[in-house]
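Here is the structure we will look at.
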Amino acid sequence: MAAISPVSLRRACRGDVDAIVRMLADDPLGSGREHLADPLPASYFGAFEALDRDPNIHLMVAVDGEGAVVGCLQLCVLPGLSSQGASRGLIEDVRVAAHCRSRGIGEQMVQWAIAEARTRGCKLVELLTHNTRVEAQRFYVRLGFAPSHVGMTLRF
């Protein structure tokens, strides 16, 4: 891996939605799910507003030295009754811009999410990655995650 790029993490703002959606669309799975148009469909901005209002959801972006968004992730803090009332952190939608991959940005974002979940009282952190994303799975195992669940999806 190349040296870690100097990036800072901050909460996403409405002006970041276009860059985030472009990163979400930049792979075989995302290209079929996302709808890139200019302007973006209003549904993306409605979703952003809902995420931004929820105090248990942290939509974050990684920003390079010039202020460009080069990564994103979402951390959801989920209160629960199981495990003696433990909250859990759920990491989703981790993406790094194609031209910035293999520079440690993804690791920096995931480590931030783990630390933030711990700070917010979570007793564990989970994440989802599609079973076809073998490289992503190896990345998460390298960071200490272990396969532990069978995920299922019902699409509408």
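Checking T153 against (1) modelled with pLDDT under 95; (2) surrounded by 10 or more Cβ atoms within 10 Å (Cβ to Cβ); (3) among the polar types (S, T, N, Q), which single condition isn't satisfied?
Of (1) modelled with pLDDT under 95; (2) surrounded by 10 or more Cβ atoms within 10 Å (Cβ to Cβ); (3) among the polar types (S, T, N, Q), only one is false for T153: (2).
Out of region 103-144, which residues are farther than 18 Å from A62 by Cβ, open to solvent by less than 40 Å² (accessible area, probe 1.4 Å) and either assigned to a loop (DSSP other than H, G, I, E, B) or among the polar types (S, T, N, Q) (or both)?
G121
Among the numbered criteria (1) more than 24 Å from N131 (Cβ to Cβ); (2) among the basic types (K, R); (3) touching a helix residue (DSSP H, G or I) at 6+ places or on another chain (Cβ under 6 Å), which one does R10 miss?
The failed condition is (3).
Among V69, V110, which is among the β-branched types (V, I, T), in contact with a strand residue (DSSP E or B) (Cβ under 7 Å, 6 or more places away or on another chain) and under 14 Å from V21 (Cβ atoms)?
Among V69, V110, only V69 is among the β-branched types (V, I, T), in contact with a strand residue (DSSP E or B) (Cβ under 7 Å, 6 or more places away or on another chain) and under 14 Å from V21 (Cβ atoms).
For region 1-26, which residues satisfy the criterion of being modelled with pLDDT under 95, open to solvent by 80 Å² or more (accessible area, probe 1.4 Å) and closer than 17 Å to A68 by Cα?
I4, P6
Of everything in region 82-102 that's of a type in the set (D, E, K, R) and within 23 Å of S8 (Cβ to Cβ), which residue is least open to solvent (accessible area, probe 1.4 Å)?
Ranking the candidates gives R95 first.
I'm checking my understanding of the structure. Among residues of region 27-49 that are among the small types (G, A, S) and in a helix (DSSP H, G or I), which one is least open to solvent (accessible area, probe 1.4 Å)?
Filtering region 27-49 for residues that are among the small types (G, A, S) and in a helix (DSSP H, G or I), the one least open to solvent (accessible area, probe 1.4 Å) comes out as G30.
Of everything in region 101-156, what is hydrophobic (A, V, I, L, M, F, W, C) and touching a Gly at 6+ places or on another chain (Cβ under 7 Å)? Give them in sequence order.
Hits for region 101-156 are I105, M109, A113, A117, C122, V125, L128, F139.
The values are calculated or read from the model by the stated rules, or taken from the named source; none is laboratory data. What you are looking at is a predicted structure, and each value in this text was computed from that prediction instead of being measured. Positions of Cβ are generated from backbone atoms using ideal geometry, with glycine treated the same way; all protein chains shown enter the neighbour counts. The protein model used for the area step is the full one, side chains on, heavy atoms only, and it has no ligands, DNA or RNA in it. Shrake-Rupley method; radii C 1.70, N 1.55, O 1.52, S 1.80 Å.
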